[in-house]
Amino acid sequence: MESQRCKGMRDLLPDDMGKFRYIEDTFRNCCTKWGYREVRTPSLEYLRLFTATGTLTPSRLSKAYSFLDWDGWSGERVVLRPDGTIPIARLYLENLSFPARFFYVTDIFAFEQTGKENRERWQCGVEFLGGASPMADVELLLLAHELLHSLGISGVQLRLSHAGLAKALVKELGLSPRDEARMLGRILDGDWQAWKEAKSNNLELDKFLVSLVNFKGKLSDFLKKVKLPAEGTSPELESNLSNFIDILRLLDDLKCDYQIDIAAIHGFEYYTGICLQLFSRGEKIGGGGRYDELLSLMGSKSMPACGFAIYVDPVIKMLSLKEDERSESGVLLRGDEKKSRVVEACFSLAQSLRSAGRIVELDFAGESVADYRWVVSVSGEESFVIIDQKSGEKWEVRTLPQVVGILGVD
Amino acid sequence: MANQSNYIKLALPKGRLLPDTANLLDGVGLGFEGYSEQTRQYRLKSAKPPYLSAKIFWEKDIPIQVSIGNYDLGICGLDWIEELLVRYKASAVVKLSTLNYGEGYIYAAISYESEIKNLDGLLGRQGNWRIVSEYPDLAEAFALNIRMRRFRIFPVWGDAEGYPPENAEIAVLWARNEEELERKGLLPLMKLLPARATVIASRESLDNKDLASVLNRFAPMLDNREFSLSFEEVSSKEGFVGSLPRPELKKVKLALPDGHQQPPTAKFLERVGLNLSHYSGEVLDYHPSVDLDWLGVKVIRPQDMPLQVANGNFDLAITGKDWLLDHVYRFPSSPVVELLDLGFGKVKIVAAVSQEMPASTMEDVRQLLQKGKLPTLRVASEYVNIGDKYLCDHHISPYKLIPTWGASEAFLPEDADLLIDNMQTGKTMAEHNLKIIDVLCESTACLIGNKESINSPDKKEEIDFIIQMMRGGLS
């Protein structure tokens, strides 16, 4: 049968949802303990929210699901949420004015051309509005670490870059405003060639650029190998570099593992400071960064802010399904639907088991295939056969209290 | 007849590219009799080779027709191909090569009247820019490419050059060259792409059919150059020395139709005593002058009027009820209202099928779909929103709506199964061997207005005056 599901969209089946909820619950627990509070934004936003802030690169904007809705006579386009952070910034601006720690679980829409990849992706995100560098940056990095640890994701690699540093470097090249924007666009789209083509009039600076972009490693090595030219660089470049070093130093003190990788900036124009990308088994499972100018671009006073998101879809694939409650203690209750006494007995037994906290599925048609620990067949008012599927043991009993006793329900 | 798999169907353009395309086909021995500017026929048969047939379309229709697989090959301007691909990137259409003709470019341009002289000037300003274009998707790509912060796009059926400066800041439009734009009072900011003639193929046909017999003949004419969207900045020029008539800003703005609706509208306005110069007769002035000093009149396409009135570019307009309905179905919250039924220009909006189709009602059509005798109902219509609503209301499923830009009747039976179109006498329908299976509604010319303008204390008196004047002319 031809699938009637929209191209690029995905169904989540019970096993997927089990993992999804596990991720969500773990995420909620972690964030709540760090003092973050949950928010939710609408699926539909005005396109102008994402262009007005100059925050998504043209290539990302061209993948946004934008259209005219029923209200679109004025030519105002709407989009299916193409990014998680910008709507949160809008929500914050419209409702609050003091520092706020938010978390959210949301879907993001992007048109992937082939239709083979997901066009709707879920993420668990965290935003710290009003959180200044470097303390807030470190808080988020530690939170991300703790979260992935709680989820049981192994081999997590944290790659760090610095958007402020990258932007200040591009500025040093002395390009025209449009060429500068184009260069930044290429860098943000992950075009490595852009860095290689970058040349300034300052030989020392070019050397610095090459060593910086190619460096991969820890702070101690970084300080030895990457040297800022003694003169001729802007205070902006210097202050961004020292901010980067401050954060790394703190991470070293806290024994947090990371790798410096300046080229690891991707897709978001709104980042102004530290940028993080999280990998496990070669797959990207999260990312984020500092975006101190986003709120002022949206028309508010300037405000420091940072955030990150864990990508649910790749993480789901990395989790193995834990033994669930059904196979541990669940009960499948079978009976003949034609015998009214049996039906009655089944419903009443089910109710008492459920109120004792058990999962109970009723099966009058004899068609259920779920793997419950217990199967109880009710053939008469006073005739119950109990099978423990785990041990293979079997009992035949005559009263409800006996059933309850064997199932170990208090 | 050659077997179906060898049969090759071509979609050929009307208009701008027709003479050169006809020459090209003649030159490579694939000429079609009747493919000329005077032609009244749409379907063309080739004498040699006999496995070849062609149909004439508006250029705009060709990429859509080829991508849905109705035609194996097509020739049209790169502009229309990119307009499709920029939004529907996964369209099953392949650009094979540009041809060495098809002049002009798609430009983004502003009015010479504007204080802005180049792209940096534009981006340096805060504004909610209005962009008017026959190419709404290219227009959006342009806006996003230059990182325009806030913009609105007004799609129009034609004459985009007539909108700036008063009804839009920017137009994205075709022009032969920069001089031509200049003559129209427009200053180019960016060249989006060359509007070259291009050969396209349906991806499915390329994969499953042997097109070599036709493509080999084209080979010497292909210039094998790849053109696509390039967003090339046009360097600003100094000292434009033309004199441009600056349209005076008037208190009340009225839009009048061109095309078929123009003669009866001119006659009606004459009868009610609104004296316009150059709205009737040989030379149509897009800014006819009028003997009421507070009234500004502009001629635009009737299809574009509801949207233009909704956005306050005009307070009043004379259009057809069909276009008002199509607009309101799409945008139920639009602030456009019908003020007067003017009674003339009566047409019926009908649903029609080919005489050969075993259906005489929409219920029959629904049954055909349900029984699997038709896989999908392909519906050709200029009225996309009226059509959509009608098909939903009749529980037709599945259907595909093919938007057309005139001459929709020629789509049946091979490229569409159902037609939703207007009909005056039924002559065209009969000529095309079509039968009417339903009448959706009747449409006449009407005066429409913007709700806010009508209630504005500033304009109320003048608008009431116009309404009273027109009411006097109703028979």
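Could we say that A:Phe347 is more than 30 Å from A:Asp221 (Cβ to Cβ), at pLDDT below 95 and among the aromatic types (Phe, Trp, Tyr) here? It is true that A:Phe347 is more than 30 Å from A:Asp221 (Cβ to Cβ), at pLDDT below 95 and among the aromatic types (Phe, Trp, Tyr). So for region A:99-110 (the condition being out of contact with any strand residue (DSSP E or B) (no Cβ under 9 Å at 6 or more places or on another chain) and modelled with pLDDT under 95), does at least one residue qualify? Checked against the condition, which is being out of contact with any strand residue (DSSP E or B) (no Cβ under 9 Å at 6 or more places or on another chain) and modelled with pLDDT under 95, region A:99-110 yields no hits at all. Screening B:Ser111 on (1) more than 30 Å from B:Phe218 (Cα to Cα); (2) within 14 Å of another protein chain (Cβ to nearest Cβ) shows it passes everything except condition (2).
Could you identify the single residue in A:Asn214, A:Asn202, A:Asn243 that is in the same structural domain as A:Gly287 (by TED's automatic domain parsing) and within 29 Å of B:Glu233 (Cβ to Cβ)?
Values: A:Asn214 fails: within 29 Å of B:Glu233 (Cβ to Cβ); A:Asn243 fails: within 29 Å of B:Glu233 (Cβ to Cβ).
The unique qualifying residue is A:Asn202.
Within region A:88-114, the set of residues being within 14 Å of chain B (Cβ to nearest Cβ) and of a type outside the set (Ser, Thr, Tyr) comprises A:Ala110, A:Phe111, A:Glu112, A:Gln113.
The single condition among (1) in contact with a helix residue (DSSP H, G or I) (Cβ under 9 Å, 6 or more places away or on another chain); (2) outside the structural domain of B:Ile146 (by TED's automatic domain parsing); (3) more than 16 Å from B:Asp223 (Cα to Cα) that B:Leu96 does not meet is (3).
Filtering region B:140-167 to residues that are at the interface with chain A (Cβ under 10 Å from one of its Cβ atoms) and not in a strand (DSSP E or B) leaves B:Glu140, B:Ala141, B:Ala143, B:Leu144, B:Asn145, B:Ile146, B:Arg147, B:Met148, B:Arg149, B:Arg150.
If you scan region A:171-210, which residues turn out to be in contact (Cβ under 8 Å) with a residue 40 or more places away in the chain and either touching a strand residue (DSSP E or B) at 6+ places or on another chain (Cβ under 9 Å) or among the charged types (D, E, K, R) (or both)? Correct list: A:Lys171, A:Glu172, A:Leu188, A:Asp189.
Being assigned to a helix (DSSP H, G or I) and more than 14 Å from chain A (Cβ to nearest Cβ) narrows it down to one of B:Asp304, B:Asp322, so name that one.
Numbers: B:Asp304 fails: more than 14 Å from chain A (Cβ to nearest Cβ).
Being assigned to a helix (DSSP H, G or I) and more than 14 Å from chain A (Cβ to nearest Cβ) holds for just one of B:Asp304, B:Asp322, which is B:Asp322.
Do we find a residue being over 15 Å from the mean Cα position of the chain (by Cα) and in a strand (DSSP E or B) anywhere in region A:147-154? No - not one qualifying residue is present in region A:147-154. Please work out if B:Val309 is closer than 20 Å to B:Asp464 by Cα and either at pLDDT 95 or above or part of a strand (DSSP E or B) (or both). Here the answer is yes, as B:Val309 does meet what is asked.
Give the residues of region A:1-17 that are of a type in the set (D, E, K, R), exposed (fewer than 11 other Cβ atoms within 10 Å of the Cβ) and within 16 Å of A:Val312 (Cα to Cα), sorted by residue number. Explain how you work it out, then say what you get.
Going through region A:1-17, the residues of a type in the set (D, E, K, R) turn out to be A:2, A:5, A:7, A:10-11, A:15-16.
Narrowing further to those that are exposed (fewer than 11 other Cβ atoms within 10 Å of the Cβ): A:2, A:5, A:11.
Residue satisfying the conditions is A:Asp11 alone.
Being in a loop (DSSP other than H, G, I, E, B), small (Gly, Ala, Ser) and in contact with an Asp or Glu (Cβ under 8 Å, 6 or more places away or on another chain): is that true of A:Ser368 here? Yes; evaluated as a whole, the condition is true for this residue. Counting only strands (runs of 3 or more DSSP E) that fall entirely inside region B:344-448 and contain at least 3 residues that are crowded, with 20+ Cβ neighbours inside 10 Å and touching a Phe, Trp or Tyr at 6+ places or on another chain (Cβ under 6 Å), the qualifying elements are B:377-381. For region A:303-342, filtered to residues that are assigned by TED's automatic domain parsing to the domain that holds A:Leu129 and in a strand (DSSP E or B), the residue that is farthest from A:Asn118 (Cα to Cα) is A:Ala305. Every test in (1) within 14 Å of chain A (Cβ to nearest Cβ); (2) more than 23 Å from B:Arg225 (Cα to Cα) is passed by B:Glu134 save one, and that test is (1). The residues in region A:25-46 that are closer than 15 Å to A:Thr106 by Cβ, hydrophobic (A, V, I, L, M, F, W, C) and part of a helix (DSSP H, G or I) can be counted, and the count is 2. Select from region A:371-393 the residues that are more than 14 Å from A:Val331 (Cα to Cα), part of a strand (DSSP E or B) and touching a strand residue (DSSP E or B) at 6+ places or on another chain (Cβ under 9 Å) and list them in ascending order. Listed by number, the residues that qualify are A:Ser379, A:Ser383.
Consider region A:290-302 and keep the residues that are outside any helix (DSSP H, G or I) and touching a Ser or Thr at 6+ places or on another chain (Cβ under 7 Å). The one that is farthest from A:Ala132 (Cα to Cα) is A:Met298. Selection of region A:134-170 for residues being among the hydroxyl-bearing types (Ser, Thr, Tyr) and surrounded by 20 or more Cβ atoms within 10 Å (Cβ to Cβ) yields only A:Ser161.
Checking each residue in region A:54-67 for being more than 21 Å from the chain's Cα centre (by Cα), within 8 Å of chain B (Cβ to nearest Cβ) and of a type outside the set (S, T, N, Q) picks out A:Gly54, A:Pro58. Of the residues making up region A:343-358, none is part of a strand (DSSP E or B), surrounded by 15 or more Cβ atoms within 10 Å (Cβ to Cβ) and not basic (Lys, Arg). Only a single criterion out of (1) surrounded by 19 or more Cβ atoms within 10 Å (Cβ to Cβ); (2) closer than 25 Å to A:Arg186 by Cα is not satisfied by A:Tyr104, namely (2). Restricting to region B:307-319, and then to whatever is on the phi < 0 side of the Ramachandran plot and within 12 Å of chain A (Cβ to nearest Cβ), can you tell me which residue is surrounded by the fewest Cβ atoms within 10 Å (Cβ to Cβ)? The residue in question is B:Asn311.
The residues of region B:13-29 that are in a helix (DSSP H, G or I) and among the hydrophobic types (A, V, I, L, M, F, W, C), listed by number, are B:Leu17, B:Leu18, B:Ala22, B:Leu24, B:Leu25.
Can you give me the number of residues within region A:70-87 that are more than 9 Å from chain B (Cβ to nearest Cβ) and over 18 Å from the mean Cα position of the chain (by Cα)? The total comes to 2.
The values are calculated or read from the model by the stated rules, or taken from the named source; none is laboratory data. Note that this is a predicted model, so its numbers are computed, not measured. Every residue, glycine as well, gets a Cβ built from its backbone with ideal geometry; the counts of neighbours run over all protein chains shown.
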